[in-house]
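In what follows, a single structure is set out as C-alpha cells and then discussed.
The values are calculated or read from the model by the stated rules, or taken from the named source; none is laboratory data. All figures in this text were calculated on a predicted structure; none of them were measured in a lab. Glycine gets a Cβ as well: all are built from the backbone with ideal geometry, and neighbour counts include every protein chain shown. Just the protein is used for accessible areas: all its heavy atoms, side chains included, with ligands, DNA and RNA removed. Shrake-Rupley method; radii C 1.70, N 1.55, O 1.52, S 1.80 Å.
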Amino acid sequence: MLRFTRRLPLLAPVVGLVAAVALAGGCRSGAPRRASSAPPTSVSRYDPAHDLGPLFQDVQLSGIFADSKTFVDARPLSPPADIAVRYSAARATSGFSLQAFVQRYFELPRPIAEGFHTDTSQTMADHIRALWPVLTRAPPSETADARSSLIPLPQAYVIPGGRFREIYYWDSYFTMLGLIASGRTDLVRSMLDNFAYLVGAIGHVPNGNRTYYLSRSQPPFFAAMVGLYAAATDTTRALDYLDALEAEHAFWMDGAERLAPGGGAAYRRVVRLRDGSVLNRYWDDRPEPRPEAYRQDYELAQTLPAARREAFYRNVKATAESGWDFSSRWMRDPRDLRTLETTDLVPVDLNSLLYHAERMIAALRTFRGRGGDAEVAKQFLHAAEDRRRALLAAAYDSDAGFFYDVRWRSGERVTDRATIAAAAPLYFGLATAEQGRAVAARLERDFLRPGGFIPTLITSGQQWDAPNGWPPLEWLAIDGVRRYGRTDLAAAARSRWLALNRQTYRSTGKMTEKYDVSDLTRRAGGGEYPTQDGFGWTNGVALALAAQQ
C-alpha cells in the first residue's frame with residue numbers, strides 16, 4: 001500500500017476524465033500553464049474569535065446580531081488589539097451600550113445583491129446567467145486588508161449568495177457545472193487557480209476563504225473540478241494542477257503512517273479499520289465553537305458536562321467540514337444535536353471522493369510521463385484500489401442493497417440512518433453493476449419525492465434531512481443512477497427537480513439554496529439560519545440539468 005508520508009505545499013469528479021486523461025493520444029496544442037501556488041505576501045490575518053478578547057464572546061452571546069456570522073464578517077475600523085483595550089475600559093462605564101460600541105468600531109457587511117432586481121419575465125436560465133456577475137468577486141486591487149477575516153484570492157471567483165459572502169469549497173464544483181454550461185470556462189479556470197493558491201498558502205483548501213474557516217476543509221471536490229474543466233477545454237489543462245492535487249491528498253492522508261497496524265486507530269482525518277485498511281473521516285483541529293455560529297454552539301455545549309464539551313465542539317466542526325451541517329446522518333439521536341458522532345464515522349461519500357482523486361492523480365502522472373511518473377502512478381492506482389476494496393467491504397450491505405457510513409472502531413454499519421450519500425459510489429464509479437442497480441432501486445423506492453430526492457428518511461428539523469432537497473445531492477444521485485443504466489430514474493428525478501426550481505422562480509423570483517421536495521407549496525426550512533437566496537450551486541445544477549438532452 002502507498003505510504004503517504006510526504007507533505008507538500010497543498011490543494012488539488014467527472015469520472016470520465018480519468019479515462020480521458022489516461023487514454024488521450026493527441027490533445028489540442030498549448031503548453032500547460034502552471035497554477036500559482038506561491039504563498040501570499042506575509043500579512044497578519046485577523047482572527048475575530050482570538051483577536052478581540054472578551055468583546056468577541058460578549059457580542060456573539062448578546063443577541064445584537066441574529067446571525068453570528070455577521071460579526072465575524074464585520075471589518076474592524078481600528079486595529080483589533082486597540083478595540084479590545086478600549087472595550088475593556090468602556091464597558092464598565094455608566095450607560096455603556098454594546099451595540100453602539102460595535103457600530104462605532106466595526107463596518108458591518110453589506111447585502112450581496114444590493115441594487116439587483118429580478119425580472120421574472122426572463123426565463124430561469126436567463127435569470128441565472130444575469131446573476132453570475134452579481135455573485136462574482138474580483139481580486140483585490142490593493143494589498144490584503146489585515147483588518148478583514150476575508151482571505152484575498154488572486155483571481156475572480158463566484159460566491160453562493162445570501163449570508164455566504166466568500167467562496168466555498170464543495171459549493172464551487174456544482175457552481176462550475178453551470179459556469180461551463182454558460183461558456184464561462186475562464187471563470188472556472190480562475191477559481192481553480194484560487195484553490196491551488198490556497199493550498200500553497202495554507203496547506204489545504206479551507207471550508208471558505210475566511211480566517212475562521214482555516215482549521216477545516218470541506219468535501220474534497222478539487223479533482224472533480226479539474227476533471228470538469230479539462231473535459232470542457234483541453235485534457236492537458238489538468239496537468240497544471242497535478243502538484244496541488246497530490247498536496248491536497250497528502251493533507252487528507254496526514255498521519256496514515258502513524259496508525260498502529262492492529263486497527264481501530266485514528267489520527268486527524270485518517271482511520272485504520274479492524275481489518276487493517278485505511279480510510280478517512282471528517283475532522284477539525286480546533287475543538288471550540290464555530291466563530292460563525294458561536295452562540296448556538298456555545299449555548300448548546302453549556303448543557304453538557306464540562307468534560308464532554310471539547311468532543312462536542314470537535315464533532316460540530318467536523319460536521320461543518322462534511323458540508324451536511326446538520327443532519328440525522330451524524331447523530332446517535334436524531335432529536336438531539338448533542339449526540340453528534342461525526343468523527344467516529346467513515347463517510348461513504350468522502351472516501352468515494354478520495355478514490356476518485358487517487359485515480360485522477362494516477363492518470364495525470366501516466367499522461368505526463370516524466371521520469372518516475374510511472375512508479376508514482378502505480379502507487380496511486382494501488383491506493384485507489386485498496387480504498388475501493390476496503391470501502392465496498394465496510395460500507396456495502398448486500399442484504400439491504402445499499403451503502404452506509406461505518407463506525408470505524410467497531411466496523412458497524414449505520415443501517416438505521418440511510419442517506420443519499422449512497423449515490424456517491426455510483427457517481428464516482430466504485431460500485432459494481434449489481435450494487436449500482438440495487439442502490440438505484442432503493443433510491444427510487446424510498447428517497448424520490450414529487451420534487452426530487454430527499455437526503456435522509458428522517459424528518460428531524462435539521463436542514464440536511466427530509467423534506468429538503470439539495471442541489472449537490474440531486475446532481476450526484478441523478479447522474480449516479482444514470483451512470484449505472486437507470487436513465488429512466490435519472491430523467492424522472494431531473495424533471496421533478498427542474499420543475500420545482502422553475503415553479504419557485506416564477507412565484508418568488510428567487511433561486512434558493514434548498515427546496516422542500518415533499519410539499520411543493522412550502523419553502524424549505526430547518527437548521528440554524530433561514531433558507532438563503534442566490535444561489536451558486538442551485539444555479540449551477542439547474543443550468544447543467546437543463547442542458548442535458
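With the Cα gyration tensor of the stretch 310-429 giving a ≥ b ≥ c as the square roots of its eigenvalues, does the rule (a/c under 1.5 for rounded; else a/b larger than b/c for prolate; else oblate) give rounded, prolate or oblate? Don't skip to the answer; put the middle values down first.
On the way: a/c = 2.75, a/b = 1.91, b/c = 1.44.
It is prolate, given that a/c is not under 1.5 and a/b is the larger ratio.
With a 1.4 Å probe and all protein chains kept in place, how do HIS117, HIS356, HIS50 rank by accessible area, largest first?
Numbers: HIS117 150, HIS356 5, HIS50 95 Å².
So the residues, ranked largest to smallest area, are HIS117, HIS50, HIS356.
From the backbone phi of the stretch 442-452, what are the Karplus-calculated ³J(HN,Hα) couplings (6.51 cos²θ - 1.76 cosθ + 1.60, θ = phi - 60°) in whole Hz, Gly and Pro given as x?
Karplus values, whole Hz, x for Gly and Pro: 5, 4, 5, 6, 10, 10, 7, 10, x, x, x.
Which residues does the label zone of GLN503 cover in the stretch 420-458, counting backbone N under 16 Å from a point 7 Å along Cα→Cβ?
Taking a point 7 Å out along Cα→Cβ of GLN503, the residues of the stretch 420-458 whose backbone N falls under 16 Å are 448-454.
Just grab the label-to-label distance for ARG335 and ARG110, each label 7 Å out from Cα along the Cβ direction, in nm (one decimal).
Result for the modelled spin labels: 4.7 nm.
How much net charge surrounds ALA400 when only other residues with a Cβ under 15 Å from its Cβ are counted (Lys, Arg +1; Asp, Glu -1)? Before the final figure, lay out each step's value.
Working: positive: ARG413, ARG417, ARG437, ARG442, ARG445; negative: ASP397, ASP399, ASP405, GLU412, ASP416, GLU434, GLU444, ASP446.
Charge balance in the 15 Å sphere: -3.
Could you work out what % of the accessible surface of the chain is carbon and sulfur, using a 1.4 angstrom probe and leaving DNA, RNA and ligands out of the count? Display every interim value, and only then the final one.
Numbers: 10060 of 20860 Å².
Carbon with sulfur: 48 percent of the solvent-accessible area.
How about LYS317: which lysines have a C-alpha closer than 29 Å to its C-alpha, ignoring those fewer than 8 places off in the same chain?
By straight Cα distance, LYS317 reaches LYS69, LYS514.
How would ARG523, ARG388, ARG237 rank on accessible area, largest to smallest, probe 1.4 Å? Provide the component values of the computation, followed by the final result.
On the way: ARG523 125, ARG388 55, ARG237 90 Å².
Heavy-atom accessible area, descending, gives ARG523, ARG237, ARG388.
Starting from the 7 Å offset along Cα-to-Cβ, what nm value, one decimal, do you get for the label separation of ASP82 and VAL134?
Each label point is offset 7 Å from its Cα along the Cβ direction, giving 3.8 nm.
What list of ³J(HN,Hα) values in whole Hz, one per residue of the stretch 252-262 in order, does the Karplus curve 6.51 cos²θ - 1.76 cosθ + 1.60 (θ = phi - 60°) give from phi, with Gly and Pro shown as x?
Couplings: 5, 9, 3, x, 4, 6, 8, 6, 4, x, x Hz.
Under 15 Å from the Cβ of ALA433, count the other residues' Cβ atoms, weight Lys and Arg +1, Asp and Glu -1, and hand me the total.
Values: positive: ARG388, ARG437, ARG482, ARG483, ARG486; negative: GLU434.
Result for the neighbourhood of ALA433: +4.
To the nearest 0.05, what FRET efficiency results for ASP186 and SER121 with a Förster distance of 22 Å applied to their C-beta separation? Each step should come with its number before you reach the end.
Values: r = 29 Å, r/R0 = 1.31.
The computed FRET efficiency comes out at 0.15.
If each residue of separation counts as 0.36 nm, what is the full-extension length gain between ARG389 and ALA100 once their alpha-carbon separation is subtracted? Present the calculation step by step, with values, prior to reporting the outcome.
Numbers: separation 289, 0.36 × 289 = 104.04 nm, distance 5.95 nm.
Taking ARG389 through ALA100 to full extension adds about 98.1 nm, to one decimal.
I'm spelling it out carefully: the read-out is semi-axes √(5λ) of the Cα gyration tensor in Å, the candidates are (i) 34, 27, 26; (ii) 101, 65, 16; (iii) 47, 27, 20, and one was derived from this structure. Which label?
Calculated semi-axes √(5λ) of the Cα gyration tensor in Å: the matching label is (i).
Computed FRET efficiency, Cβ-Cβ of ASP275 and GLN549, R0 45 Å: what is it to the nearest 0.05?
On the way: r = 44 Å, r/R0 = 0.98.
Computed FRET efficiency for ASP275 and GLN549: 0.55.
Can you list residues whose amide H is under 5 Å from ALA265's amide H, if they're 5+ apart or on another chain and H is modeled 1.01 Å from N?
Answer set, sorted by chain and number: ARG272.
Quote the charge dipole size of the chain about the Cα centre in Debye, to the nearest 20; the model charges only the Cβ of Lys and Arg (+1) and of Asp and Glu (-1). Before the final figure, lay out the partial values.
Working: 67 positive and 60 negative charges, 95 e Å.
So the magnitude is around 460 debye.
Over the stretch 204-296, give the accessible area per residue in Å² for a 1.4 Å probe, as an integer.
Numbers: 2360 Å² over 93 residues.
Solvent-accessible surface per residue comes out at 25 Å².
How much length is gained if the chain between ALA433 and ARG409 is pulled fully straight, taking 0.36 nm per residue apart and subtracting their Cα-Cα distance, in nm to one decimal?
Values: separation 24, 0.36 × 24 = 8.64 nm, distance 2.93 nm.
Residue separation times 0.36 nm, minus the Cα-Cα distance, leaves 5.7 nm.
Which residues' amide hydrogens lie under 5 Å from the amide hydrogen of ASP516, considering only partners 5 or more residues apart or on another chain, with H built in the peptide plane?
Excluding prolines and chain starts, which carry no amide H, the hits are GLY469, ALA524.
What is the stretch 170-266 by shape, rounded, prolate or oblate, if you read a ≥ b ≥ c off the alpha carbon gyration tensor as root eigenvalues and call it rounded for a/c under 1.5, prolate for a/b larger than b/c, and oblate otherwise? Intermediate values should be presented prior to the final figure.
Details: a/c = 2.34, a/b = 1.82, b/c = 1.28.
In terms of gyration-tensor shape, prolate.
Ordering GLU528, GLU321 by accessible area with a probe of 1.4 Å, largest first, what comes out? Could the numbers behind the result be given before it?
Working: GLU528 65, GLU321 0 Å².
Putting GLU528, GLU321 in descending order of accessible area: GLU528, GLU321.
Can you give the extra length, in nm with one decimal, that the chain gains between SER44 and ARG522 once fully stretched, where that is 0.36 nm per residue apart less the Cα-Cα distance?
Here the segment from SER44 to ARG522 would lengthen by 167.5 nm.
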